[in-house]
Protein chains: 2
Amino acid sequence: MDVQGYLAESAARVERFLDESLPAVDEPPARLHAAMRHLLFPGGKRLRPALAFAGAEAVGAAPERALPIAGAVELVHTYSLVHDDLPCMDDDDERRGLPTVHVAFGEATAVLAGDALLTEAFAVLALADESRVAGVIGDLAEAAGSRELVGGQHDDLSFDSQAATPESVESVHRRKSAALIAASVVGGARLGGGDAERLGRLRRFGLQVGVAFQIADDVLDAGDDEPCSLVSHLGVEGARRRAEDLLESALAEIEDLGEPAEALRELARFAVRRDR
Amino acid sequence: MDVQGYLAESAARVERFLDESLPAVDEPPARLHAAMRHLLFPGGKRLRPALAFAGAEAVGAAPERALPIAGAVELVHTYSLVHDDLPCMDDDDERRGLPTVHVAFGEATAVLAGDALLTEAFAVLALADESRVAGVIGDLAEAAGSRELVGGQHDDLSFDSQAATPESVESVHRRKSAALIAASVVGGARLGGGDAERLGRLRRFGLQVGVAFQIADDVLDAGDDEPCSLVSHLGVEGARRRAEDLLESALAEIEDLGEPAEALRELARFAVRRDR
């Protein structure tokens, strides 16, 4: 399977959906609507939407069934980056080679644009008009809430690398990154009609891939002196090995799903072994 | 009807629900969870939850049916205040006689606590496990999004009082305040099983009451030199008259609903005529 081709097709599909779902850039308040789109387009790899599409395929459904959750997880991911970049948080001026939202539009508009992107995630799901949508919204709200994404970000900001252990690093990774990645896969599978047993497997798969994905970041960023990094505890080789172990265990969870889960497997390998 | 008694009963009901729904204050990350509760308890008048309960009653349902939306609108209202108070927004140090969240917990935690409160609003709705819940979530996401609440806040921040007209002031009031008030009433009525015709009336009622509620604030704050205030355009007496006209027109919308809508009427009168 051509994983780059799958990612490109997923990106085109979700971008069309998001472009149509969001208020147009010239609709008032135009400055706010432009700020909402600033980091969303052109965006990044669109890994989470691709995992949502592959989640639907893994339970035998067409990838398009996952569109609402694919759009929603990209909106949540984007909002979290906009807020993470704020001066009071990570204080980053650039992301993906462009000025961050608060640099381009000011801090107040960046806070509001993030708020609106998060809200829009639930709006696109609610519009899906699907019997299964309440469960998907519940999963997403849990993954994005104070026990998961926001809690992970909170603990990352005040991370004490002296007192840290490999377990405390992975706890941040699981909450800050893996919860939303698992919600992408499971949301796609839920909209695709997957049963509880398969949703459970896909959730465990998503959490393990998500932690391994974040460890891959730790390895790629080794030397950046990130306080919350598995590399500080296990070294580059040890961290790489831990990511591979998680990947193997994740793949074992979905072995039974056979050929329909092939895209999911390839995306998982890509997420953990990518060189950027 | 004893409107103060109705408000007190509504407050007790929604506070119990919110206290049970939110992570406990000592659950990690404890600092984040404490920050989420800081402005939520003891909170304000709980007018929006009361309107949600009264919305359910207005269509003949028990007020308890509206609990999920009553909790959700109070969470959205609270998140919007936490973010509004930030240094990059209104930069307020005190609210309801207490330090604002960013003064008590720091700016980063205040941003994250607001994010988590907004997310929790959708979580409590999704858990409602109700066939009508997707519609309620859609209404709330629209009312809280860039076309309404966040857009109103955006325009309020950069409000140009020189170029303003009564219409542009009311446009901010409608988006920043009235949309969420309408979503409270309509959400309660929707969970209570109201039909489309009554939901339409209640929405128009909620928007008019919401604008009048905000004009009542303009009157109470006259002299505070708020750039976005109807008092600067119509004077105190003119603004008061406009609020009464809106109230009258709102009450006419729900005249047909008879006795079950009595709490709604009393709450509307209170919202517009209160002296604080």
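Read-outs throughout are calculated quantities, based only on the coordinates presented, and are distinct from any laboratory measurement. All of these numbers come straight from a predicted model, not from anything done at the bench. Cβ: placed from backbone, ideal geometry, glycine included. Neighbour counts: every protein chain shown.
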### Query
Where is the GNM fluctuation largest for chain B (alpha-carbon springs, 10 angstrom cutoff): B:64, B:130, B:107?
B:130
### Message
Suppose we take every Cα in the protein assembly as shown and form the convex hull; what volume per residue is that in Å³?
### Response
137 Å³
### Query
Mean residue ellipticity at 222 nm from the helices of chain B, using -39,500 (n - 2.57) per DSSP H segment of n ≥ 4 over the full residue count, to the nearest 500 deg cm²/dmol?
-21500 deg cm²/dmol
### Task
Between residue B:131 and residue B:26, take the C-beta separation as r, use R0 = 51 Å, and let me know the FRET efficiency to the nearest 0.05.
0.90
### Summary
Inter-copy distances for residue B:273, label 7 Å out on the Cα-Cβ vector, sorted ascending, nm, one decimal, are 7.4
### Message
Using a Cα-Cα cut-off of under 27 Å, which lysines could be cross-linked to residue B:45, ignoring same-chain neighbours fewer than 8 residues away?
### Response
B:176
### Task
Specify, for chain A, the residue whose C-beta is closest to the rotation axis mapping it onto chain B, with the distance given in whole Å.
A:122, 2
### Query
residue B:95's amide H: which non-local residues (gap 5+, or another chain) put their own amide H closer than 5 Å, with H modeled 1.01 Å from N in plane and none for Pro or chain starts?
B:100
### Query
Where the label is 7 Å out from Cα toward Cβ, how close does residue B:165 come to the same position in every other copy, in nm, shortest first?
6.6
### Among A:183, A:196, A:261, residue whose mean-square fluctuation peaks in a GNM of chain A (springs only between Cα atoms under 10 Å)
A:196
### Evaluated at q = 0.07, 0.10, 0.15, 0.17 Å⁻¹: base-10 log I(q)/I(0), Debye formula over Cα of chain A
-0.23, -0.48, -1.12, -1.42
### Message
As an exercise, use a Förster radius of 35 Å and the Cβ-Cβ distance of residue B:237 and residue B:93 to find the FRET efficiency, rounded to the nearest 0.05.
### Response
0.60
### Task
For segment B:65-211, just say rounded, prolate or oblate: build the C-alpha gyration tensor, square-root its eigenvalues into a ≥ b ≥ c, call rounded for a/c under 1.5, and beyond that prolate if a/b exceeds b/c, oblate if not.
oblate
### Message
Give me a comma-separated list of calculated 3J(HN,Hα) values for segment A:13-21, in order, Karplus coefficients 6.51, -1.76, 1.60 applied at θ = phi - 60°, integers in Hz, x for any Gly or Pro.
### Response
5, 6, 5, 4, 4, 5, 4, 6, 7
## Note on the structure
Under the Karplus relation with 6.51, -1.76 and 1.60 and θ = phi - 60°, whole-Hz ³J(HN,Hα) for segment A:112-125, x at Gly and Pro, equal 5, 5, x, 4, 5, 5, 4, 5, 4, 4, 6, 5, 5, 5
### Query
Label-to-label distances across copies for residue A:258, with labels 7 Å out along Cα→Cβ, in nm, shortest first?
6.0
### Query
Taking the Cα-to-Cβ direction at residue A:248 and at residue B:262 and moving 7 Å from each Cα, how far apart do the two end points lie in nm?
7.3 nm
### Contour minus Cα-Cα distance for residue B:62 and residue B:19 (0.36 nm per residue)
13.4 nm
### Query
By count of other Cβ within 10 Å, fewest leading, how are A:146, A:80 ordered?
A:80, A:146
### Message
If I build a Gaussian network model for chain B, linking alpha-carbon pairs within less than 10 angstrom, which residue out of B:179, B:52, B:134 has the largest mean-square fluctuation?
### Response
B:134
